[in-house]
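This report refers to the structure that appears directly beneath it.
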Amino acid sequence: MTSPARQQKFGRGTATSIVIANMIGTGVFTSLGFQLVDIRSAPVILLLWIVGGVLALCGALAYAELGSALPRSGGEYNFLGRIYHPAAGFISGWISSTIGFAAPTALAAITSATYLASVFPGLSVPLLAAGLVIAVSAMHLGTRRSSGGFQFGVTAIKVLCIIAFMVMAVAWVEVPQNIRWLPASGDLDLALSGGFAIALIFVNYAYTGWNAATYLSDEVDDAARNLPRILLVGTGSVTVIYVLLHVVFLYVAPMEAIAGQLEVGYIVADFAFGEVGSNIVGLMLSVLLVSTISAMVLAGPRALQAIGQDCQPLGFLAKENRHGIPYRAIIFQVSVTVALVLTSTFEAILVFAGFTLALNTLLAVCGVVVLRRRRKPVTLAEHGLLDPNVTSFRMPFYPLPVVVFAGFTLWTSAYVVWLRPQEALMSAVLILGGWLFYLVTRDRVSRS
């Protein structure tokens, strides 16, 4: 008999908080420094974040349709394996198991530790980051009720604190920056440049996480009906927050002070509140990133669990504790994350992970076209989930969201290959490694 703990599901509010927490993390508090190295125009910077939000919404529309039509935990692993070929799904799962969640978790932990070290100089950033990952992960080894409650609570605190930070920074800054907010000559050239394309990689990485709920579809209450709303509400909310946050950043602090710097939030707080206030905000931002780490640890192992269920050599990843929590997958992801924290630089992880994950999501979004050609219309009744007269979610304005997402992703990826060949090569090696592992183990991988 199934225990009550195993029957527990994550509600719509908790699942939406997972999406928001996955998205609002490292990128939004760090990437502006990298963008300002090549782009010193406020309208172009804001355009970056608006374009990133539109792309995330296009991706969310596609994933909402895929998640509604192909309900199962695992995200891209589930989608690509069922739409294209088990090999595509396995390689996607390989990416998820190695960097898909481990890299963003490592970046969030490094950023959190960096903010804390800004307040308390002399602390070891790598050791702080590794300890934070281990401590937060321990919170998700209990029941879904405690895990979901922790996630919802820290995400709500994060959003409220960010809103308070924006309002107070604008109200308290003594000398606002003389910013040109309207486009001018030269902005179009910047928007079409290679620098814009590379900057969009950073922005897209900051938006990473809009697909988080699809990784734990099996554990979301009435996922087939709720996933579209969860993905779209979460992504739309974060887009608004991101654009407003960058208006505040540029309004409060000079571009010269932020360019090339990692701890953007700390610098902005220093200009708004002074040294004491910046230390308080730096400590706050360090704590707020706990929700991002938490969300990654909650969602990522579910993809690993799905791989373990289908691939016998990786079956240990599917093991659950008595509460139905994939504890071995959590431990595996934590181990990879700690290794990245202790051995890699921040920017290398960011570009490498951003490029690889962009290719992964590109294939999934394009899978909507393949799926529609195979099944017209797709009904949840085929899966025995809903009444035969109820159809699954179908994205509006099809195929425009797919075309927009694919076009921008291919454009930015081409620039990464051209301007950052080392990271592109690392991505190719990772994908090749997944394919070789699949060839060796394919006789023991489920085709279901």
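Coordinate-derived values only; no laboratory data. All of these numbers come straight from a predicted model, not from anything done at the bench. As a convention, Cβ positions derive from the backbone with ideal geometry for all residues, glycine included, and neighbour counts pool all protein chains shown.
Efficiency by 1/(1 + (r/R0)^6): what FRET value for Val440 and Ala156, r their Cβ-Cβ distance, R0 = 51 Å, to the nearest 0.05?
On the way: r = 45 Å, r/R0 = 0.89.
Result of the calculation: an efficiency of 0.65.
Percent of alpha carbon pairs in the chain separated by more than 42 Å?
Numbers: 11092 of 100128 pairs.
Here the tail beyond 42 Å accounts for 11 percent of pairs.
Which value in deg cm²/dmol, rounded to the nearest 500, describes the helix-derived mean residue ellipticity at 222 nm for the chain, given -39,500 (n - 2.57) per DSSP H run of n ≥ 4 and division by the residue count? Spell out each step's value before the answer.
Details: 18 runs with 320 residues, N = 448.
Using -39500 (n - 2.57) per qualifying helix, the result is -24000 deg cm²/dmol.
Kindly write out, for the stretch 279-291 in residue order, the coupling ³J(HN,Hα) from the Karplus curve 6.51 cos²θ - 1.76 cosθ + 1.60 (θ = phi - 60°), rounded to whole Hz, with x marking Gly and Pro.
Taking θ as phi minus 60°, the curve returns 5, 5, 5, x, 5, 4, 5, 4, 5, 5, 5, 4, 5 Hz for the stretch 279-291.
Note down the nm distance, to one decimal, between modelled labels 7 Å out along Cα→Cβ at Ile163 and at Ala135.
Those two pseudo-labels are separated by 2.8 nm.
What residues qualify as long-range amide H neighbours of Val220, i.e. H under 5 Å apart, gap of 5 or more or another chain, H built at 1.01 Å from N?
Phe10
By how many degrees, between 0 and 90 and to the nearest 10, does the Cα long axis of helix 327-343 differ from the longest principal axis of the chain?
Tilt of helix 327-343: around 30 degrees.
Quick one: Kirkwood hydrodynamic radius for the stretch 252-323, alpha-carbon pairs, angstrom, one decimal? Each step should come with its number before you reach the end.
Working: mean 1/r = 0.0651 Å⁻¹.
The Cα-based Kirkwood calculation yields 15.4 Å.
Lys/Arg Cβ at +1, Asp/Glu Cβ at -1, dipole of the chain taken about the Cα centre: which of Gly433, Ile280, Ile241 is farthest positive-ward?
Positive-end residue among those listed: Gly433.
Most mobile of Leu192, Leu61, Leu116 per a Gaussian network model of the chain (Cα springs, under 10 Å)?
Result: Leu192 has the largest fluctuation of those listed.
How do Lys158, Lys319 line up, fewest other C-beta atoms within 10 Å first? Show your work: numbers first, answer last.
Details: Lys158 23, Lys319 14.
Starting with the residue having the fewest Cβ neighbours, the order is Lys319, Lys158.
Where nothing but the Cβ of Lys and Arg (+1) and of Asp and Glu (-1) is charged, how large is the charge dipole of the chain around its Cα centre, in debye to the nearest 20?
Values: 26 positive and 21 negative charges, 337 e Å.
For the chain, the charge dipole is close to 1620 debye.
Where in the chain is the longest stretch that carries no chymotrypsin sites (Phe, Trp or Tyr not before Pro) classed as loop by DSSP and with at most 15 other Cβ atoms within 10 Å? Present the calculation step by step, with values, prior to reporting the outcome.
Details: sites that count: Trp181, Phe397.
No qualifying site falls inside 182-396, the longest such stretch.
In whole Hz, what ³J(HN,Hα) sequence does the stretch 423-437 give by Karplus (6.51, -1.76, 1.60; θ = phi - 60°), x for Gly and Pro?
For the stretch 423-437, the Karplus curve yields 5, 5, 5, 4, 5, 4, 5, 5, 5, 4, x, x, 5, 5, 4 Hz.
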